[in-house]
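The values are calculated or read from the model by the stated rules, or taken from the named source; none is laboratory data. Fair warning: this is a prediction, and the values are worked out from it, not measured in the lab. Because the Cβ atoms are built from the backbone with ideal geometry, glycine has one as well, and the counts that use them run over all protein chains shown.
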Amino acid sequence: MNPVNKSLRISIIGPAHPLRGGLASFNERMARAFMSEGHTVNIYTFSLQYPGFLFPGTTQYSSEPAPSDLDIRVCINSVNPLNWLRVGRKLKREKPDLIIVRYWLPFMGPCLGTILRLATGNGHTKIVCIADNIIPHEKRPGDTAFTRYFVKPVDAFITMSEKVLKDLSLFSGKPARYIAHPLYDNFGEPVSQLEARKTLGIAADDYVFLFFGFIRRYKGLDILLDAFAALLKKADEARRPNIKLLVAGEFYEDKSAYEQQIQSLQISNNLVLRTEFIPDSAVRLYLCAADAVVQPYRQATQSGVTPLAYHFNIPMIVTNVGGLPAMVPEGRVGLIAEPNAVDLSNKMARMMETGKEHFLPFMEEEKKKYSWSALVQAITGLAFQNKQ
């Protein structure tokens, strides 16, 4: 029997509760997608994910309750080789049909590469990697060697941008496919804009641009602040006080440069700063409060913010970098800007003039492409494509 057509025993290796963030949310949602198709799934996550010097936020851990429907095993220590041996040998004994492993940072290469080498010693388990990044945004010594070590035991790869697929070709010739990031539909149903704004303390008649997610230089918040200041200067004087930029996300770098920029630009009265980690239970409030999401990135592979905006029907402005434009057809679900303040400001003005309602029918149609079922089928197809 073709393994694709039977119930599989699947282990996912990557972040999950009690860890927080986009990777954890994705892995938990992906586990449910496999379970809904009749497969048995567990998640091997980290007891220690990052040493302190690699994690610039306040905490790596979620304040949300643990999901009761998932088998999550908190057992991987990313810096302890003896732990890697124990986990790898355990997976070897358990003989899952399929291991799905996330790869997003070369630092994880030695840990994950060692676990996978041991796990596949059973001669049975197939390994598919979901590669979020192959060449990291912020480079460190050892990146290339760590990635080469990691990819060797992997049987096939899924990437969520064409750029990562191209980068992967420098490290592996194994089967690989690009599959667009599925929609995040695990943060609850949309609420009305009025309700969201009332909860967040934002006026009902404001026009709100949203920057969402952790703050690092490559994400271009400084470009957005300059663009927003230019937009305010161009706006009609009567409307100017009602244009707001909502910044929702934790600083992953020194915030002093941003504070100085805001002071210099004199835009603080038009900013709503919620610069702390946004828990899963509050995500929908920030998306639903917005008229448009802005992703002003300097560089990118793909972004988890785009499928969030799709799910909550919020049009987007994205910069013309990496895989961002591929999911945002110009003029249909959003606008594409060059990664500079002048063009971004112009696109923000155009978004206001066009109005949110223009984009909604196109978004409803476009987001049908981004299903979790498509990802499930792609992963199992790659893993067992040579099996009869």
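Is there any pair with a first residue in the range 309-335 that is more than 19 Å from residue 162 (Cβ to Cβ) and a second that is outside any loop (DSSP other than H, G, I, E, B) and among the aromatic types (Phe, Trp, Tyr) whose Cβ atoms are under 7 Å apart and which are 6 or more apart or on different chains, and what are they?
Once the first residue is more than 19 Å from residue 162 (Cβ to Cβ) and sits in the range 309-335, its partners that are outside any loop (DSSP other than H, G, I, E, B) and among the aromatic types (Phe, Trp, Tyr) give 332/362.
If the requirement is being of a type outside the set (Ser, Thr, Tyr), modelled with pLDDT of 90 or more and not assigned by TED's automatic domain parsing to the domain that holds residue 295, which of these qualifies: 336, 379?
The unique qualifying residue is 379.
Please list, ordered by residue number, the helices (runs of 4 or more DSSP H) wholly in the range 102-218 having 1 or more residues that are in the same structural domain as residue 279 (by TED's automatic domain parsing) and either β-branched (Val, Ile, Thr) or under 30 Å from residue 271 (Cα atoms) (or both).
Filter on the range 102-218 gives 193-200.
Let me confirm something: among 310, 370, which residue is surrounded by fewer than 23 Cβ atoms within 10 Å (Cβ to Cβ) and modelled with pLDDT under 95?
Going through 310, 370 in turn, the sole match is 370.
Tally the residues that are out of contact with any Cys (no Cβ under 8 Å at 6 or more places or on another chain) and in contact (Cβ under 8 Å) with a residue 60 or more places away in the chain, restricting the search to the range 177-200.
Adding up the residues that qualify gives 15.
Restricting the search to the range 280-296, which residues are modelled with pLDDT under 95 and either of a type in the set (Asp, Glu) or buried (at least 23 other Cβ atoms within 10 Å of the Cβ) (or both)?
Matches in the range 280-296: 280 only.
Suppose we keep only residues that are assigned to a loop (DSSP other than H, G, I, E, B) and touching a strand residue (DSSP E or B) at 6+ places or on another chain (Cβ under 8 Å) within the range 219-238. Which one would you say is surrounded by the most Cβ atoms within 10 Å (Cβ to Cβ)?
So the residue we want is 220.
Run residue 205 past the list (1) without any contact (Cβ under 8 Å) to a residue 60 or more places away in the chain; (2) surrounded by 17 or more Cβ atoms within 10 Å (Cβ to Cβ) and report the number of the one that doesn't hold.
For residue 205, the exception is condition (2).
Does any residue of the range 287-295 turn out to be touching a Phe, Trp or Tyr at 6+ places or on another chain (Cβ under 8 Å), under 20 Å from residue 316 (Cβ atoms), assigned to a loop (DSSP other than H, G, I, E, B) and not assigned by TED's automatic domain parsing to the domain that holds residue 19?
Yes; the residues of the range 287-295 include at least one that is touching a Phe, Trp or Tyr at 6+ places or on another chain (Cβ under 8 Å), under 20 Å from residue 316 (Cβ atoms), assigned to a loop (DSSP other than H, G, I, E, B) and not assigned by TED's automatic domain parsing to the domain that holds residue 19.
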